[in-house]
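The structure under discussion appears below in the form of structure tokens.
The values are calculated or read from the model by the stated rules, or taken from the named source; none is laboratory data. Everything numeric here is computed off the predicted structure, so don't read it as measured data. Every residue, glycine as well, gets a Cβ built from its backbone with ideal geometry; the counts of neighbours run over all protein chains shown.
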Amino acid sequence: MTQREKVHVTLDVNGRTYDVRVEPRKTLADTIREDCGLTGTHLGCEHGVCGACTVLADGQPVRSCLMFAVQSEGLALRTVEGLADGDTLHPIQQAFWENHGLQCGFCTPGFLMLAVGYLEQNPNPTEEDLREVLASNLCRCTGYQNIMKAVTQAAVTMRS
Amino acid sequence: MEGKGRFVADLANQALCLKFVRSPVPHGRILGIESPESVTIFTGRDLEGVGPLRPVLHRSDYVPVAQPILARDVVRFVGEPIAVVVGETQAQAEDAVEQVFVDIEPFDPIVGIGQALEDGARLVHREADGNVVLDARYETEGVDQAFAAADELIEFTIRSGRQSAMPLEARGSVADYDLRSGRVTLLCSVQGPHVVRTIIADMVGMSESDLRVVAPDVGGGFGQKYCVAIEDIVTVWVARRLRRTVSWIEDRRENFMSSFHSRDHEYRISGAFDSEGKLSAVEADLICDVGAYSCYPVTSGVEPLMAMADLPGPYDFQKYRVRARGITTNTCPMAPYRGVSRPVITLAMERLMDLASIRFGIDPVEIRRRNLIAHFPYKSATGITFDEGSYVGSLEKAAEIVDLDGFREVQRTARQGGRHVGIGFSVFSERTGYGTPAFGARSMDVTPGYETVDLVMDPSGYVEARIGASPHGQGLGTSMAQLLGDELGTNPEKIRIVHGDTDRTPYGWGTFASRSMVISGGAAKMAATKLRKQLLAIAAQELEASPEDIILESGFASVVGTDVKVEISKLARLAYHASHKLPAGSSPGLLAQSTYDPAGTFSNACHVAVVDVDIETGLVQIERFVVVEDAGLLINPLIADGQVHGAVTQGIANALYEEVVYDSDGNILTTSLLDYLPPTAAEIPNIEIHHLETISDATVTGAKGLGEGGAIGAPAAVINAISDALRPLGIPVNEMPATPNRLRELIRATERATNDAT
């Protein structure tokens, strides 16, 4: 079996530095999960459609399954584990909780990061804007209705 | 939500990684398997004595077929596991698979029902003559006379495309071998851990007590994770063979290719009506493509047999002749998916009603009102007893909400402006919470149905309910804690629901078939009643009062009408630590067990879809979707609505978007989310839900199941709405999904016919 040469990569995830050795072909998603031990970032398709692996890179929502770890040096990465402040939930998490915005919870981290990334840059979205943005990711359980409600509520909380 | 969930893949970090070598051809003979020395590989030869899996129904019209755990001589579908390789990492295992060469002599495959049933067609399994694995018939008396006496006959054929349940988390497992005890703990993404334990222990030849099966967080199942995955059996076998912890994490492509499909059906329906539009008899020929093998435990008979028994739905007719066939083909095996056959049989009956409404010139509400069952209990033509429901009530309420007459005005105006809008109704019953009597009627070798709950209050007054159901996103834990809290006067936060672990819970059947709140919830309530009695007996002694005068509320046992009370947690302490002082006849501790095995109960609903069809592109936009749902007593309305939203969304997907496609050579074409199209937030409208609550005495909690209903009713509502929109063009739609391509084909064919005629 061929053992590919590993390279050294420094990642900044949720404000913490991770020094890891990975094969150049290793995706950011796999690296976050396996080498940083942050398994809240999920893999639903590994071809960039479902969005379960969405993380923020310098504030932008990105599909971490479509990036390599070696491309991610120097980026400020944020994952679902970085949202809450200790025991205090981030407004987006609080809103998902209150509005039953999740069922099985597998797509949730991706939706949370997508929504946070979007709302931080666009604090006053219309319903149409939100629908279009949330259509980036797939959820199989909720039918999106309560996710829409939750993100709408979070937008209000995050503005205030 | 905070990244603290634990799904199978999150628990695989220290494990060796398995990857399956899968068949690239739909049908053929394996001539050889070659791999370099450096690759650790196991093939069917290594698994001598393991399997085959041969799910059984005790019916003479069912043909059991055997599925090897790894294909040994013949492969029967693209994606069938042939061998498994082991790597230190997932990437290494994937590299190793690339180095394995399988020499296969291909045969012409059987793809689709038509080809399978041709005279002289190649057999997928030698034992299944004519490729038929189930050929069931049922007939009441007087069908021919009813058809002879009919004033109107309506005949049509419907087709449902093959769907994948497509849970967002694909399947997977981690088998942990314990060197000291030799036990294996299998963490796997499944809906029914006990059933998985039984079949894996049987297949690999170990005792069930040597295998612990745990379902950690499960990222959706919808039926696909109820039937056992062949790969999970292999994972346990390899862990025992290597005495190591091994994992198998399915990727999306494998999930589309090799994980159960469903609903590849074709039905021919004839309805006999009298001059008033009353349906008197139905004749049905129901054919289901069940794929290459039979699924365990429910078998390949599940779709055709459910279609046969439940086709009449909520409609009142007693003359019924039906033939239901399961056809085997060189495609991925079928298993139940949310609603099983009912989305398709509901489409059949609801198309029948709409076609009758046009034939008789009666509106779609009136034709249904004349035919729906209205007196309870009602015994159907197939002998199923319906408990009380609101079939006509939900229809009338839905018609009022959407204002049918008002909509017709809107529709007329829109048509004048060249727009094609339409409305579609769908009334249906959802048989839920059924126990062994219903499953036993299918003559299943493995007959699911009952649920047991062990309820324990510990010395600190905290409660643990150990349940055999295995929720994975349905919010059952929340609903059940609420129900138990009410019974025991205890804050739901002090109640833990333990599920999904065969070491910790009584044998049960898991979560499927809209059953958990009804059956497991019922058993929990019965156990709570027993535990309550124990608490009251101790409280009576403590408070020197009669048990009948004591209530359990807000953490206290109180004598009604007085301020005399004692903390429930103190009673718990007494039950364990002062058992010598307990009332005569009491045992130490606080423990109750109950089992519930009901006959079942019917939820019902009416769905209404309003659509806009662009006839230039064939694109359908859903403008409005209304649900009037009756699931009896609602324990937690927020959770109930969440189930309806999700299920309706999957039903809309069934009607418009999702289809697993094979080419004529048996290659699966839809192996990514670029080819198979689950809807996004952009396609799904706000779903307006209204509840009716018919309280039936068929369940101990008063609750009826509702997990599948949305998926059952929505397709027919959407397809009827499209047909209504296209009525000026005279195009009935009888096939789903109604993709833009398919609709354009229908529209073009009509235009050609019109042009030819002029």
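Look through segment A:130-160, keep the residues that are free of Cβ contacts under 8 Å to residues at least 12 places away in the same chain and under 30 Å from B:Y337 (Cβ atoms), and return whichever of them is farthest from the other protein chains (Cβ to nearest Cβ). The residue in question is A:E132.
For segment B:580-609, which residues satisfy the criterion of being among the polar types (S, T, N, Q) and either at pLDDT 95 or above or surrounded by 13 or more Cβ atoms within 10 Å (Cβ to Cβ) (or both)? Across segment B:580-609, the qualifying residues are B:S586, B:Q593, B:S594, B:T595, B:T601, B:S603, B:N604.
Only one entry of B:A721, B:A716 meets the criterion of being crowded, with 19+ Cβ neighbours inside 10 Å, out of contact with any Leu (no Cβ under 8 Å at 6 or more places or on another chain), modelled with pLDDT of 95 or more and not assigned by TED's automatic domain parsing to the domain that holds B:A523, and that entry is B:A721.
Entry remark, segment B:436-463: residues being more than 19 Å from B:K533 (Cα to Cα) and not hydroxyl-bearing (S, T, Y) number 12 in total.
Within segment A:1-30, restricting attention to residues that are more than 10 Å from every other protein chain (Cβ to nearest Cβ) and among the acidic types (D, E), the residue that is nearest to B:Q90 (Cα to Cα) is A:E5.
Scanning segment B:362-419 for residues that are touching a residue at least 12 places away in the same chain (Cβ under 8 Å), of a type in the set (S, T, N, Q) and part of a helix (DSSP H, G or I) yields B:N371, B:S394, B:Q411.
Contact annotation: residue pairs with Cβ atoms under 8 Å, 6 or more positions apart or on different chains, pairing a residue in segment A:76-105 that is more than 7 Å from every other protein chain (Cβ to nearest Cβ) with a partner that is crowded, with 21+ Cβ neighbours inside 10 Å and hydroxyl-bearing (S, T, Y), are A:G101/A:T108; A:G101/A:T142. When restricted to residues that are surrounded by fewer than 24 Cβ atoms within 10 Å (Cβ to Cβ) and part of a loop (DSSP other than H, G, I, E, B), segment B:610-640 contains 8. Select from segment A:1-30 the residues that are of a type in the set (A, V, I, L, M) and in a helix (DSSP H, G or I) and write down the one among them that is surrounded by the most Cβ atoms within 10 Å (Cβ to Cβ). Looking at residues that are of a type in the set (A, V, I, L, M) and in a helix (DSSP H, G or I), I get A:L28. Within segment B:297-311, the set of residues being surrounded by fewer than 24 Cβ atoms within 10 Å (Cβ to Cβ) and part of a loop (DSSP other than H, G, I, E, B) comprises just one member, B:P297.
Scanning segment B:677-694 for residues that are more than 10 Å from chain A (Cβ to nearest Cβ) and part of a loop (DSSP other than H, G, I, E, B) yields B:E693, B:T694. Of the listed requirements (1) basic (K, R); (2) surrounded by 21 or more Cβ atoms within 10 Å (Cβ to Cβ); (3) facing chain B (nearest Cβ under 8 Å); (4) in contact (Cβ under 8 Å) with a residue 24 or more places away in the chain, A:R33 misses just one: (4).
Does segment B:273-283 contain any residue that is surrounded by fewer than 24 Cβ atoms within 10 Å (Cβ to Cβ), closer than 27 Å to B:T601 by Cα and not hydroxyl-bearing (S, T, Y)? Yes, there is a match, as at least one residue in segment B:273-283 is surrounded by fewer than 24 Cβ atoms within 10 Å (Cβ to Cβ), closer than 27 Å to B:T601 by Cα and not hydroxyl-bearing (S, T, Y).
Can you find even one residue in segment B:631-642 that is within 22 Å of B:N734 (Cα to Cα), within 14 Å of chain A (Cβ to nearest Cβ) and either within 20 Å of the chain's Cα centre (by Cα) or not small (G, A, S) (or both)? No: segment B:631-642 contains no residue that is within 22 Å of B:N734 (Cα to Cα), within 14 Å of chain A (Cβ to nearest Cβ) and either within 20 Å of the chain's Cα centre (by Cα) or not small (G, A, S) (or both). Condition check for B:T529 on (1) surrounded by fewer than 20 Cβ atoms within 10 Å (Cβ to Cβ); (2) over 43 Å from the mean Cα position of the chain (by Cα): one failure, at (2).
Within segment B:647-664, can one find any residue that is in a loop (DSSP other than H, G, I, E, B) and farther than 29 Å from B:I747 by Cβ?
For segment B:647-664, residues in a loop (DSSP other than H, G, I, E, B) and farther than 29 Å from B:I747 by Cβ: absent.
Across segment B:657-676, the number of residues qualifying as buried (at least 18 other Cβ atoms within 10 Å of the Cβ) and within 14 Å of another protein chain (Cβ to nearest Cβ) comes to 6. Residues of segment A:64-102 that are surrounded by fewer than 24 Cβ atoms within 10 Å (Cβ to Cβ) and under 9 Å from the mean Cα position of the chain (by Cα): A:R78 alone.
Conditions tested, residue by residue: (1) assigned to a loop (DSSP other than H, G, I, E, B); (2) at the interface with chain A (Cβ under 9 Å from one of its Cβ atoms).
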residue: B:E2; (1), (2): yes, yes
residue: B:D10; (1), (2): no, yes
residue: B:G32; (1), (2): no, no
residue: B:S38; (1), (2): yes, yes
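Here A:G48 passes the criteria (1) more than 8 Å from every other protein chain (Cβ to nearest Cβ); (2) touching an Asp or Glu at 6+ places or on another chain (Cβ under 8 Å); (3) part of a loop (DSSP other than H, G, I, E, B) except the one numbered (2).
Across segment A:106-129, the number of residues qualifying as more than 8 Å from chain B (Cβ to nearest Cβ) and either small (G, A, S) or out of contact with any strand residue (DSSP E or B) (no Cβ under 9 Å at 6 or more places or on another chain) (or both) comes to 12.
The set of residues in segment B:40-58 being buried (at least 17 other Cβ atoms within 10 Å of the Cβ) and in a loop (DSSP other than H, G, I, E, B) consists of B:G44, B:L47, B:V50, B:G51, B:P55. Applying the selection to segment B:457-481, what residues are over 25 Å from the mean Cα position of the chain (by Cα), more than 30 Å from B:I200 (Cα to Cα) and either of a type in the set (D, E) or at pLDDT below 95 (or both)? Once the filter is applied, which keeps residues that are over 25 Å from the mean Cα position of the chain (by Cα), more than 30 Å from B:I200 (Cα to Cα) and either of a type in the set (D, E) or at pLDDT below 95 (or both), segment B:457-481 yields only B:D458.
Would you mind finding the one in B:G172, B:G221 that is in contact with a His (Cβ under 6 Å, 6 or more places away or on another chain) and within 14 Å of another protein chain (Cβ to nearest Cβ)?
B:G221
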